[in-house]
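The values are calculated or read from the model by the stated rules, or taken from the named source; none is laboratory data. Only a predicted model underlies this, so the values are computations on that prediction, with no experimental measurement involved. We place every Cβ from the backbone using ideal geometry, glycine too, and count neighbours over all the protein chains shown. For the accessible areas, the whole protein counts, side chains as well, though only heavy atoms, and no ligand, DNA or RNA atoms are used. Shrake-Rupley method; radii C 1.70, N 1.55, O 1.52, S 1.80 Å.
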Amino acid sequence: MEKTFKRQINDLETIFQFIQECFAAYQIDQSFTFLARFIVEELFTNMVKYNHTSNDSITVMIDKKNKALVISLTDYDVDQFDPRLAGDVDTTKSAKDRAIGGLGIYLVKKMVDSIDYEYVDRRSKVTITKQMEM
């Protein structure tokens, strides 16, 4: 299932409702709700905050393929940003001793099985896969 949302942070509640609808439709175990919300919130918020060149909406897609949860976000008319290339965060340092930024992407990378990135014609698409076998 996919749906397009306005490029505004206050659309997050509507996105969270969409995630619940997808989970119900695909019969995805609710134990993955926090993960899905965290991933979408982090990626969506970064797209809104850092892609200043675009006024276009952002498309969120959630799917279940075999035993994997697949989440993708597509941003339009933006500069390239590949989250896979974001540096790691030194979590051994206290928050006050670390540089600001990057922790959310770092955590997403640690929580999922794969991240794919595609950039074509100023369209940026991030796809996250998490195996759901328990």
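Scan the range 106-124 and tell me whether some residue there is out of contact with any Leu (no Cβ under 9 Å at 6 or more places or on another chain), open to solvent by less than 50 Å² (accessible area, probe 1.4 Å), modelled with pLDDT of 80 or more and of a type outside the set (Asp, Glu). Can you show your working first?
Of the range 106-124, the ones out of contact with any Leu (no Cβ under 9 Å at 6 or more places or on another chain) are 106-107, 109-110, 113-116, 118-123.
After this cut, where a residue has to be open to solvent by less than 50 Å² (accessible area, probe 1.4 Å) as well, the list is 106, 114-115.
Narrowing further to those that are modelled with pLDDT of 80 or more: 114-115.
From what's left, of a type outside the set (Asp, Glu): 114-115.
Checked against the condition, which is being out of contact with any Leu (no Cβ under 9 Å at 6 or more places or on another chain), open to solvent by less than 50 Å² (accessible area, probe 1.4 Å), modelled with pLDDT of 80 or more and of a type outside the set (Asp, Glu), the range 106-124 yields at least one hit.
For SER54, only one of the following conditions fails: (1) among the hydroxyl-bearing types (Ser, Thr, Tyr); (2) under 15 Å from VAL108 (Cβ atoms); (3) open to solvent by less than 10 Å² (accessible area, probe 1.4 Å). What is its number?
(2)
So how many residues does the range 1-16 have that are part of a helix (DSSP H, G or I) and within 12 Å of LEU73 (Cβ to Cβ)? Walk me through how you get there before you give the answer.
Restricting attention to the range 1-16, the residues satisfying the condition of being part of a helix (DSSP H, G or I) are 9-16.
So of that shortlist, the ones also within 12 Å of LEU73 (Cβ to Cβ) come out as 15.
Adding up the residues that qualify gives 1.
Restricting to the range 3-17, give me the number of residues that are within 19 Å of VAL112 (Cβ to Cβ) and either open to solvent by 80 Å² or more (accessible area, probe 1.4 Å) or touching a strand residue (DSSP E or B) at 6+ places or on another chain (Cβ under 7 Å) (or both). Before you say what the answer is, go through the steps one by one.
Narrowing the range 3-17 to residues within 19 Å of VAL112 (Cβ to Cβ): 15-16.
So of that shortlist, the ones also either open to solvent by 80 Å² or more (accessible area, probe 1.4 Å) or touching a strand residue (DSSP E or B) at 6+ places or on another chain (Cβ under 7 Å) (or both) come out as 15.
So the count comes out to 1.
Identify the single condition in (1) at pLDDT 90 or above; (2) within 19 Å of THR127 (Cα to Cα); (3) not hydrophobic (A, V, I, L, M, F, W, C) that GLY87 does not satisfy, given that it satisfies every other one.
It fails just one condition, (1).
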